[in-house]
Each structure stands twice: as structure tokens, then as C-alpha cells.
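The values are calculated or read from the model by the stated rules, or taken from the named source; none is laboratory data. Just so it is clear, the structure is predicted and the values come from calculations on it, not from any experiment. As a convention, Cβ positions derive from the backbone with ideal geometry for all residues, glycine included, and neighbour counts pool all protein chains shown. Calculation scope for accessible area: heavy atoms of the full protein, side chains included, ligands and nucleic acids excluded. Shrake-Rupley method; radii C 1.70, N 1.55, O 1.52, S 1.80 Å.
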Amino acid sequence: MKHIRPSRLLALLAVLFSAISSVIGQTADQAWLKYELKGRVHSFFPIAVRALGSDVVEQAAMAELNRNLGLLVGQDASKMTARLKETLSGETVLGTVDEIQKSFPNIHVSQHLGPEDFWIWGNHEHGAKQLLIICGGTSRGVLYGAFELLRRPVVAPNLGLPKEGLIGRPAMPIRWVDEWDNIDGSIERGYGGRSIFFDAGHIRTDLAPATEYARLLASVGINGCNLNNVNSASAFFTPEMLKEVARIADAMRPYGVRVSLSADIASPQKLGGLPTFDPLDPAVRKWWNDKVNEIYSLIPDFGGFTVKADSEGQPGPASYGRSPADAANTLAAALAPHNGVVLYRAFVYNHHLDWTDPKADRARAAYDIFHPLDGKFAPNVVIQTKEGPIDFQAREPVSPLFGGIPHTSQAMELQITQEYLGQQRHLVYIAPMWKEVLDFNMRVDSATTPVKQIVSGTTFHRQLGGMVGVACVGQNGWLGSPLALANLYAFGRLSWNPDLRAEDIAAEWTRQTISTNPAVVRIVVNMLMQSWPAYESYTGPLGLQTLTDITGSHYGPNVEASERNGWGQWHKADHEGVGFDRTVATGTGYVGQYSPELANIYESTATTPDNLLLFFHHVPYTYKLHDGKTVIQYIYDSHYDGAAQAAHFVEDWHSLKGKFDPALFADVLPRLEYQANHAIVWRAAITQYFLKLSDIPDAQGRAGHYPNRLEAEDAHLTGYKIIDVNPWEDASRGKALSCDGLQSCSADFNYTGNPGSFEVAVEYFDLQGGSAKFTILINGHQQDTWSADDNLPSRSPNGDNSTRHIAHNIALKTGDVIRIEGTPDDADHAAFDYIEILVRSSAQ
Ligand code: GCW
């Protein structure tokens, strides 16, 4: 680009951006790329930006810097102070090593830049002579350097550029997000709306959001995006669809994001009409070779395939007595000439396990299957392993497979989408969990072998390796909830540098997204850091896993959903005790899959950390944890503590009112209020379940005692029927009211307490398939009315949809009649569980 006067440039940019933002509905600015936020001014960034190369990625890097500049200085250079003009004058030049060397032969460019590495260097001169160079190993390095430059003043405001320049390099080559998008536009485990890529069997016409997504990904160094659901992949492999997929690749390419696809191992049969999909059959191999060639003719920089096979009903090589290595290597052979890779998922297990067999153990599956295959995979195969041995639960031990295949390249798979972690309705910042896994020492051969060094390829000297985050972004603000975006951000940052600290990443994100005000940053970071521990406490602590409905929603409490079925997420709770004996001595032997040092720790209850106790051991409820507290008392206490913490998030957020964008404040507040109540639903369900099962009371007298509650089934009912809630623990005493087949129903409660002003909370079930209406009346006078129109899982009343409405400042005197009137709508039968009369010092 030739030099343009700053004022002209800024005017031009202003026009450009207003044009762009009117076409793009969903933009990266809605996440953390908010250049309008204060705090991005820095003293070493000359505003005349020039890219030496014409490559699209380098051009995107230049555009990004200009975009920031356009907003940075208020878009009007005439209003800049002389000093600011002076500091910003000079030139910022972008280029690859070759380009920079050619144009600036006197500058000593670092020779050791890998393709994605960058070097940012300034000549530390002033005024017109000021020169800032962003040099990349390739144009992708340039792009990552540009984003680093933009992030730096926000995350490290006091740091200038070191004299020798700043080098950045990613810790691992594979930094991908996986999307589980279906061709019809729905998204498996997606909580942020419909697909930004697909709709009704086709690729969307408008792919601007895909480009914006790539921009967001590139800003944190993510370089790959696997577009489609591993559970329904074959439809994407038709010639027509592949041509369409090429449009997505085009849309994401400017930001260095290579697309890849999930591959269905049975495609040669399903699509190719072959009689078999045996991976060793020559015709099958030829089919894959031809298909891969076809893909690369359309998408020359295609990333490769992600494979889910022989798992949860997906076809796989086992149908022909072949191994995962046979299948992976067939695909790898087809991809190798094009530099494509196979990410073969280790999530292979039998979901028809015999729950009566004490030796059966799903946690063993990945290691049992893949460890014997170590060394048998082609060099461009990467085994992609979920971070724990089960399935993204609130807490699991680290998968032993990371230490079990030293001759194989590995990637760690984690979920950004919060399937088992509150589905984006709950605030759960997951980076602290990921950090625990990344830093976890597998002690392979008694050496220091943290997972992060294994998956980066360092420990076992592998060329390939990395991290894959299942993101499942959609059209609704990417993840459907503003604070959930911290997880996408953190995933990218950790895949670039797994040594970063979770709290520092949280602070970076907060400063870029919400505010640079230190008080705000402190409180938001604190909320984020407390959120996973809180969630674990009010769902499944002590290694019990999430204790949710594992065969349905994966959301609300349902303790027995994990038991007596083939899915193998058992926690084996009975009247005497709880937990799964996975020891070598008396259990399933899973513990023996770890290195001897770790196995020693997990083999004994005395050395197993409390937070994993019940994952590894079956113990009586009276078993004493390390601090002397019994297991049952811990279950009670943790649920009360966790719910209290969730309530605290609401107060924390309130304390920030007026300190940043009011729209963001208002958007997040009801979500936190909802979470605080759902934490109470969880608390009540799990504590009353274990109270009944163990028959051991809560030493603090809380579980099973709800002094402020009036049970709906004790009210005087007109039309309402008493129903059993399933699972029983999801409703108070297992019962609720439902208004079936009538226009409206009511329940009358006699108030017998002291007079005063109260909050009346109604715990109701907001069912799918309609919006029932509720009204509160006191002695016939309407006080409050609302619709059950939230979008919560399930059509039957249970812990998925149990939620609360609070009516404030309700004056009550002894003898008053509190009436709850329910008006059903379609499948929503205005069901409710109880009311609670609460005294609050001030109404919120
Ligand atoms: O956790 C389970 C999810 C499935 C998912 C599967 C997997 C894509 O409930 O929805 O399928 O894991 O990871 O393959």
C-alpha cells in the first residue's frame, strides 16, 4: 500500500468499517476484539501501516492493525495532540523474513523463525524515522504478530518493546477448534444458536460470520477448524457439498485458519457404493485416495480428517476385525502427499457395558485399545484424547493414555462448549481445569513429563501434537452467553502457550472485553476463577462426576441416570457407601494404567486426593477425608458452599453496576440470578438424594429441612393435580403440581407467619413446548405475573427446568391467602414445586 496521509487514512477506514458493520450481523467485536475500549494506545505503533507482501493473510494482518487504529485515535487525526502525532508517526512494516530482509538489508532479522513464529522489533527512533517491524516466518506469523501487538498494551500496559525485539512462537502445531455442526444447521451440544456454516443441507450463502470467526480464532493463535459433527459426517463428502465447503475454506483462509472435516469410516460404502468399508480393502483405499485428491483440488490447504469410529454407534474398523491403526493409516496414506493429518479420537468405548460385572470399566477403554497400538500409526496420525477418561465431567483424573503412547503423536481434546458444565447458562470458566491437566505430571519413566509437553510433542520428540477445543459456536453471540467467551479465548491462549496462568488469561480477557478498570478486572477475574470450583461443589464433588442426566439432557441433577445401564458412568452409590473401586488390588485395575508413581498414589485411599476419591474408590459414607470430615458431610457441605458461592456471583456483579457497558451488565445479571437458583435446585436434589440413601443426617441440620418452604402439594388445590417428579430428587419431597387439560388451575396457601414485607419465591418448571403463565395473588389481589418462557431442556418437570420467580416487597399478615394461579400453554402445564417466603434486608 502506498503512503496515505493519516487523516485521509482514518477517514477512509471509518467509512470502511461502518460499511462492514452494517453487513455483518455477528462480529468478532462482540467478543474480545473490542478496539473501541480504552487502553489500547501504545507508544510504539506508527499509524502508517505497510505490508510488504500481497498474500491474503498478510493483507488481513494489515487490515487488522488499521482497523484498530481507526478506532484507537477517535478517527480524526486533526484532533490528535501534537505529541500523539509525533509518537505515532513513522512506519509499521509487515512482512515475512524474506520480504523484510529484501526491503531492509541493514536490519538483522532473526533467522530462526518457524512458519508461525513472529518477531516484533522497533528501531526506537522518534518521529518520521520511527520504524516498527512485524516479521513472520510466513504470513501466518505476521498475522499472529499483529494480534500480539494489538493485545500487548492491554495485557501488559507497562511493557515497552525489548531492544532485541519480541519473539513469539506457538508451543504446539495443532491448535484446532472442532465444531459439531450438522448439515441441517443444528449443532450437537451447541448452546449458542444455529450453525454459522450450514443450513438446510447447504452451506450458508452469507459466510461473513465464518470470516469473523476465523478472525477471532486467529487473534488467539488458533489455526484449524474442523467444521462438522463427528456423528454425522458422510453427507459432507458428496462432490456438491465439497464444492460448497471450499467456500468456507475461502472465507477462513485470510486468517490462517485451515478447515478440516470429520470423516465417517463407512463413507466408501455409504457414498461410494462399495460393498465394504474395510480399511484394508484395496478398493476402499482407492476410494479414500480419490476422495482426498478431490478435496485437495478444491481446498489446497485442507487440514485433514477427524475420526470418531467404533464409538457410540459410529461405524468403525472393528466391523472387519481391523484396528484403529488400520483405519487411521488408510486415511493417513491418502492425506500424506498433501500434508494433511488424521486426528483419530481415542474416545472409543463400548456403551453396552455389563453394569453387574465389577471388572467392567469404561474409564479403561482408551488405554486398553490404544496403548497396544503405540508405534503402529503413520506419522501424520495424531491420537486425540479427551482430557479425562470418561467424558468432560465436572472433574475427572487426567487420562492415563497421555502417558501410554510415547511413539504416537497426541492431541488433547477439551470442551469449550459446556456440555456437562452448565451449558453456558452457568458461569464456568474452565481454564483452571485445563491448566491442571496441562501441568499434570504423568511421570512417564519416573521423569517430569507434564501433559503439556507430551501433547506439544516435546517429551517424546514428535513432529505433531496439540490441543483441540470443541467449541460449537453458533449465531447467538458465538457461545450464547457473554462470559462464556472467556473459555474460547483461554483455549486459544493456552494452546499457544500452555505455561500461561488461568488467572492471567482471565485478566487479559476481562481487560479486552469488559473494562480495564482495575476494580472491575479484580472482581470479574475472581468470579471466573471461583466458577469451576463452585460448579463442582454444587454438582458432583469428590470425583463423583457431574451427577447429571447422562442419558438425556446432560444438564440438571439426576443421580441414578448414571447407574444400572451400559454407559459406564457409574458411581455405585448404595445404602452403605459410594464410589467406584478402580484399584488394581480389588477393583477394575484402571489405576494400573498410570505410571507406577501415580498408580501408587491412586491405589490407596490414604494418598488419593480427596477431589478424586470416589472416582477411584468405593468407601462408606462415614469414611473420613484428609481433614477428618466424613464423605457424607462433605457432600452436604460442598453443596451448601457451592450454592452460596453462586449466590455471591450475583452480588459481585451487582457491585460492578455503572462501571462498564450497561447492556452487558444487564445481559449477564439475570443469567447469574438464574444460576444462583439452579445451584439451589442442584443442592436440594443431591443432598436429599444422599440423605435418603445413606440415612445419615446432615450434622448442620440443613439437608431435608426447608423452614421457609410451603410445599405445593399441601396447598388447597383447584384443578391442579399432584404429580410424581422423575427423578424424585429434582422436586421437594419428589412431588409437584401440574395443571393438566384445564384452562387454568390454582393453589391456595394459608400464611401463618408474622406480618411483614417479604419476597415470595415460586419454584416452577419452565417446560419446553409452550409458555405457561403464572400469577401471584394475595387475598384475591394480583401481585405479580410472569410467563414461563425461558428456553430450558425437557418437556417433563425435572431439575433441567426447575427455576424460580421472585416477587419482591409482598406485604403479608397472618391469615392471608397466597394464591398461585397457573395457566398452561400447549405442552407447558404450569407445573410448580413449592413457594418460599423470604425476608430480605433490601429488595434487589
Ligand atoms: O460427550 C459425548 C456427547 C456427544 C458427543 C460425544 C463425542 C459428538 O454427549 O454428543 O458426540 O461425546 O465426543 O463423540
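Got a sec? Which residues in segment 693-725 would a label at Asn750 touch, if it sits 7 Å along Cα→Cβ and we count backbone N under 14 Å?
714-717
In the chain, what percentage of the DSSP-assigned beta bridges are antiparallel, given to the nearest 5? Provide the component values of the computation, followed by the final result.
On the way: 62 of 105 bridges.
Rounded to the nearest five, the antiparallel share is 60 percent.
For the chain, with the dipole built from +1 on Lys and Arg beta-carbon atoms and -1 on Asp and Glu ones, taken about the Cα centre, which of Leu614, Ala679, Ala490 lies farthest toward the positive end?
Towards the positive end, the residue furthest out is Ala490.
Between Thr814 and Asn339, what is the label-to-label distance in nm when each label sits 7 Å out along the Cα-to-Cβ direction?
8.4
Just the accessible area for Leu427, please: 1.4 Å probe, Å², rounded to the nearest 10?
20
For Met62, tell me the accessible area in Å² from a 1.4 Å probe, rounded to the nearest 10.
About 20 Å², rounded to the nearest 10.
Which of the helices in the chain, when you take each full DSSP H run, stretch at least 27 Å along the axis at their Cα atoms and have an average Kyte-Doolittle score of 0.0 or higher? Walk me through the numbers on the way to the answer.
On the way: long enough: 518-538 (29 Å, 0.44); 631-654 (35 Å, -0.38); 662-694 (48 Å, 0.33).
Span-like helices, by this rule, are 518-538, 662-694.
For segment 193-324, with only Lys/Arg (+1) and Asp/Glu (-1) charged at the beta-carbon, what is the dipole magnitude about the Cα centre, in debye rounded to 20?
160
In whole Å, what three semi-axes, largest first, describe the equivalent ellipsoid of segment 316-365 built from its Cα gyration tensor (square root of 5 times each eigenvalue)? Write down the numbers at each step before the final one.
Numbers: eigenvalues 189, 26, 8 Å².
In descending order the semi-axes read 31, 11, 6 Å.
Taking the Cα centre of the chain as origin, sum charge times position over the Cβ atoms of Lys and Arg (+1) and Asp and Glu (-1), and report the length of that vector in debye to the nearest 20.
2880
Report the Stokes-Einstein translational diffusion coefficient (µm² s⁻¹, integer) for the chain, Rh taken as the Kirkwood radius over Cα pairs, at 4 °C with viscosity 1.567 mPa s.
Details: Rh = 28.9 Å.
It diffuses with D of about 45 µm²/s by this estimate.
Calculate the FRET efficiency for Leu298 and Ser186 from the Cβ-Cβ distance with a Förster distance of 25 Å, rounded to the nearest 0.05.
On the way: r = 25 Å, r/R0 = 1.00.
It comes out at approximately 0.50.
Quick one: pull the percent of accessible area on the chain belonging to carbon and sulfur, 1.4 Å probe, ligands and nucleic acids left out. Working shown, then result.
Details: 15990 of 30840 Å².
Carbon with sulfur: 52 percent of the solvent-accessible area.
I'd like to know how segment 620-767 sits against the 2.2 N^0.38 Å rule of thumb: what's its Cα Rg over that expected value? Present the calculation step by step, with values, prior to reporting the outcome.
Values: Rg = 18.7 Å, N = 148, 2.2 N^0.38 = 14.7 Å.
Normalised by 2.2 N^0.38 Å, the Cα Rg of segment 620-767 equals 1.27.
Mind pulling the per residue volume of the convex hull built on the Cα atoms of segment 457-536? Å³ is fine.
122
Looking at segment 341-494, I'd like the Rg to Rh ratio, where Rg is from alpha-carbon atoms and Rh is Kirkwood's inverse mean 1/r.
Radius of gyration relative to Kirkwood radius: 0.99.
Between the alpha-carbon centers of segment 393-453 and segment 727-798, tell me the distance in whole angstrom.
42
Could you work out how much longer the chain between Asn726 and Ala208 gets when fully extended? Use 0.36 nm per residue separation minus the Cα distance between them, nm to one decimal.
Details: separation 518, 0.36 × 518 = 186.48 nm, distance 4.44 nm.
Extending this stretch completely gives an extra 182.0 nm.
Rounded to whole Å and sorted largest first, list the principal axis extents of the Cα atoms in segment 358-430.
Principal-axis extents of segment 358-430 (Cα, largest first): 43, 36, 14 Å.
Which value, in Å², gives the accessible area per residue of the chain when a 1.4 Å probe is used on the protein heavy atoms? Write down the numbers at each step before the final one.
Details: 30840 Å² over 844 residues.
Per-residue accessible area for the chain comes out at 37 Å².
Please give the direction-averaged projected area of the C-alpha convex hull for segment 113-225, in square nanometres with one decimal.
Working: hull surface 38.6 nm².
Projected area, direction-averaged: 9.6 nm².
Please give, to one decimal in nm, the separation of the simple spin-label points placed at Ser604 and Asp714, each 7 Å out from Cα toward the Cβ.
Going by the 7 Å Cα→Cβ label model, 5.0 nm.
Can you give the extra length, in nm with one decimal, that the chain gains between His705 and Leu742 once fully stretched, where that is 0.36 nm per residue apart less the Cα-Cα distance? It would help to have the intermediate numbers written out before the result.
Details: separation 37, 0.36 × 37 = 13.32 nm, distance 3.30 nm.
Here the segment from His705 to Leu742 would lengthen by 10.0 nm.
Separation between the His126 and Asn497 pseudo-spin-labels, each 7 Å from Cα along Cα→Cβ, expressed in nm?
Distance between the two pseudo-spin positions: 3.0 nm.
I'd like the per residue volume of the convex hull spanned by the Cα atoms of segment 748-844, given in cubic angstrom.
On the way: hull volume 8.7 nm³, N = 97.
Here the figure is 90 Å³ per residue.
When the solvent-accessible surface of protein heavy atoms is calculated with a 1.4 angstrom probe, in what order do Thr752, Thr408, Thr516 fall, highest first?
Values: Thr752 120, Thr408 5, Thr516 60 Å².
Most to least solvent-accessible, the answer reads Thr752, Thr516, Thr408.
Among 220-233, 109-122, 663-676, how do they line up by average Cβ neighbours within 10 Å per residue, starting with the highest?
On the way: 220-233: 24.4, 109-122: 18.7, 663-676: 16.9.
Result, highest mean first: 220-233, 109-122, 663-676.
How large is the charge dipole for segment 261-314, taken about the Cα centre, if only the Cβ atoms of Lys, Arg (+1) and Asp, Glu (-1) carry charge, to the nearest 20 debye? Each step should come with its number before you reach the end.
Numbers: 5 positive and 8 negative charges, 19 e Å.
That gives segment 261-314 a dipole magnitude of about 100 debye.
Distance check, please: which entries in Lys624/Lys735; Lys624/Lys692; Lys163/Lys452; Lys376/Lys572 exceed 27 angstrom between their Cα atoms? Write out the running numbers ahead of the final one.
Details: Lys624/Lys735 34 Å; Lys624/Lys692 20 Å; Lys163/Lys452 30 Å; Lys376/Lys572 37 Å.
From Lys624/Lys735; Lys624/Lys692; Lys163/Lys452; Lys376/Lys572, over 27 Å: Lys624/Lys735; Lys163/Lys452; Lys376/Lys572.
Calculate the FRET efficiency for Asp250 and His461 from the Cβ-Cβ distance with a Förster distance of 30 Å, rounded to the nearest 0.05. The partial results should precede the final answer.
Values: r = 36 Å, r/R0 = 1.20.
The value I calculate is 0.25.
Using a Förster radius of 22 Å, what is the FRET efficiency between Ala447 and Ala156 based on their Cβ-Cβ separation? Nearest 0.05, please. If you can, show how the numbers build up before the last one.
Details: r = 33 Å, r/R0 = 1.51.
Computed FRET efficiency for Ala447 and Ala156 comes out at 0.10.
Given the DSSP H assignment, sum -39500 (n - 2.57) over each helix run of at least 4 residues in the chain and divide by its residue total; what's the result at 222 nm in deg cm²/dmol, nearest 500?
Numbers: 20 runs with 259 residues, N = 844.
Computed ellipticity for the chain at 222 nm equals -9500 deg cm²/dmol.
Quick check: residue separation of Ala360 and Glu91 times 0.36 nm, minus the Cα distance between them. What number comes out in nm? Write down the numbers at each step before the final one.
Details: separation 269, 0.36 × 269 = 96.84 nm, distance 6.58 nm.
Additional length available on full extension: 90.3 nm.
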